[in-house]
Amino acid sequence: MPGKVLILGSHGRFGHHAAQAFGTAGWQVTTFDRRHDDLATAVQGRDVIVMAANPGGYQHWARDLLPVHRAVIAAARGSGTTILLPGNVYVFGPEAPFGWDADTPHLATNPLGRLRQQMEDDYRASGLQVIVLRCGDFLDTRPSGNWFDAHIAKGAHRGRFAYPGPLDRPHAWAYLPDAAQAAVALAEQRGRLEQWEDVPFPGYTLTGAELAAATGRALGRDVPAGRMAWWPLAPLRPVVPALRGIFEMRYLWSLPHRLEGAKLQRLLPEVADTPVETAIAAGLAHHG
């Protein structure tokens, strides 16, 4: 049943699509403006908070990630509000067994992975109902600086494709309109969910070669699978702080992984994926 939702980070990737999806589903949508709004006031009377705000580039995470999320927990505590959190795969680490689901241990030991682990631990201990919708890399419908649009396939209309890892490793992808629809459906089912729900969003599991082939089908032209060169970026790491985090998370392009869909299918059997070619075509339409 539709209710009242507060979207934090409505200009970001997930938050933008969540605001659209909740509005389309008939919810009363309020977006939070951190320059002018008071968080403690904004959460009052909300049935759901979508916490999609991002503290900025990787270089700001150590300073800002936990305080930003702890502020949301403090504001929402005692309100009876459900928090819906877009999760990622950073928590698992390279030692986690293949096929990541709600029960897969969080084994990441790198700094960014540990920060995400602590963030989720804070939510789990908060006493609030929290739904984590855990996604892989994003396929967006607008130019939002995501890996696929801004790096991998930015030259696809000209037959160029630059994948940042080995072309034979499965990798998890989430089409943001589909993920946002799942978020709405989970929010509407919150009354029958547990206090803590970790829900992997399976999306598409594709190797680099499969992603290139799907991109070719979406564009109706040959798009040969190629590799991205990392070596020109390495000398810039000392002077471009965000690159340190990008290199830290580089292992995910070499590590075979997928997000298992059994739990989402059990909770939301009616949810269907957009065909991958349709998602890719939408994601690259502005490059045409």
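Taking THR207 and the conditions (1) touching a residue at least 12 places away in the same chain (Cβ under 8 Å); (2) β-branched (Val, Ile, Thr); (3) farther than 28 Å from LEU133 by Cβ, which numbered condition does it fall short on, given that it satisfies the others?
(3)
With respect to the numbered conditions (1) surrounded by fewer than 18 Cβ atoms within 10 Å (Cβ to Cβ); (2) more than 18 Å from TRP147 (Cβ to Cβ); (3) touching a residue at least 40 places away in the same chain (Cβ under 8 Å); (4) not small (Gly, Ala, Ser), which one is the sole condition not fulfilled by LEU264?
The failed condition is (1).
Identify all residues within the range 121-161 that are in contact with a Leu (Cβ under 8 Å, 6 or more places away or on another chain), within 13 Å of LEU85 (Cα to Cα) and not aliphatic (A, V, I, L, M); write none if there are none.
Those that are in contact with a Leu (Cβ under 8 Å, 6 or more places away or on another chain), within 13 Å of LEU85 (Cα to Cα) and not aliphatic (A, V, I, L, M): ASP122, TYR123, GLN129, ARG134, CYS135.
Quickly run through the range 1-51 and pick out the residues that are basic (Lys, Arg), farther than 17 Å from ILE73 by Cβ and either in contact (Cβ under 8 Å) with a residue 60 or more places away in the chain or touching a strand residue (DSSP E or B) at 6+ places or on another chain (Cβ under 6 Å) (or both).
Passing the criteria: LYS4, ARG13.
Can you pull out every residue in the range 158-193 that is in contact (Cβ under 8 Å) with a residue 24 or more places away in the chain, farther than 27 Å from ARG250 by Cβ and among the charged types (D, E, K, R)?
Matches in the range 158-193: GLU188, ARG190.
Please count how many residues of the range 118-131 are farther than 12 Å from HIS69 by Cβ and under 17 Å from the mean Cα position of the chain (by Cα).
Matching residues across the range 118-131 total 1.
Between GLY216, GLY261, GLY226, which is touching a strand residue (DSSP E or B) at 6+ places or on another chain (Cβ under 9 Å) and farther than 28 Å from ARG116 by Cα?
Unique residue meeting the criteria: GLY226.
Taking the range 200-253 as the search range and keeping residues that are of a type in the set (D, E, K, R) and over 24 Å from TRP61 (Cβ atoms), which one is surrounded by the fewest Cβ atoms within 10 Å (Cβ to Cβ)?
ASP222
Exactly one of these conditions fails for LEU243: (1) within 21 Å of ALA108 (Cβ to Cβ); (2) of a type in the set (A, V, I, L, M, F, W, C); (3) touching a residue at least 12 places away in the same chain (Cβ under 8 Å). Give me its number.
Single failed check for LEU243: (3).
How many residues are of a type in the set (Val, Ile, Thr) and touching a strand residue (DSSP E or B) at 6+ places or on another chain (Cβ under 7 Å) if we restrict to the range 52-73?
Within the range 52-73, residues that are of a type in the set (Val, Ile, Thr) and touching a strand residue (DSSP E or B) at 6+ places or on another chain (Cβ under 7 Å) number 1.
From the residues in the range 274-288 that are in a loop (DSSP other than H, G, I, E, B) and surrounded by fewer than 16 Cβ atoms within 10 Å (Cβ to Cβ), which one is modelled with the highest pLDDT?
By that ranking, first place goes to PRO275.
Checking the conditions here, which among HIS151, HIS157, HIS171 is under 14 Å from the mean Cα position of the chain (by Cα), over 18 Å from PHE14 (Cβ atoms) and not β-branched (Val, Ile, Thr)?
HIS171
Filter the range 94-143 down to the residues that are in contact with a strand residue (DSSP E or B) (Cβ under 8 Å, 6 or more places away or on another chain), of a type in the set (Asp, Glu) and not in a loop (DSSP other than H, G, I, E, B) and list them by number.
Answer for the range 94-143, where residues must be in contact with a strand residue (DSSP E or B) (Cβ under 8 Å, 6 or more places away or on another chain), of a type in the set (Asp, Glu) and not in a loop (DSSP other than H, G, I, E, B): GLU120, ASP137.
Residue-by-condition table, conditions (1) more than 30 Å from ALA125 (Cα to Cα); (2) modelled with pLDDT under 95; (3) not small (Gly, Ala, Ser):
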| site | (1), (2), (3) |
| --- | --- |
| GLN181 | no, no, yes |
| LEU186 | no, no, yes |
| GLN189 | no, no, yes |
| VAL199 | no, no, yes |
| ASP222 | yes, no, yes |
| ARG227 | yes, no, yes |
| GLY245 | no, no, no |
| LEU267 | no, no, yes |
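Scan the range 27-44 residue by residue and report those that are assigned to a loop (DSSP other than H, G, I, E, B) and either under 18 Å from ALA180 (Cα atoms) or of a type in the set (Gly, Ala, Ser) (or both).
TRP27, PHE32
Each row is one residue, and each column tells you yes or no for (1) outside any strand (DSSP E or B); (2) over 17 Å from GLU277 (Cα atoms); (3) modelled with pLDDT under 95.
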residue	(1), (2), (3)
GLY145	yes, yes, yes
HIS157	yes, no, no
PRO166	yes, yes, no
ALA172	no, no, no
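The values are calculated or read from the model by the stated rules, or taken from the named source; none is laboratory data. Nothing here was measured: the structure is a model prediction, and the numbers come from that model. Because the Cβ atoms are built from the backbone with ideal geometry, glycine has one as well, and the counts that use them run over all protein chains shown.
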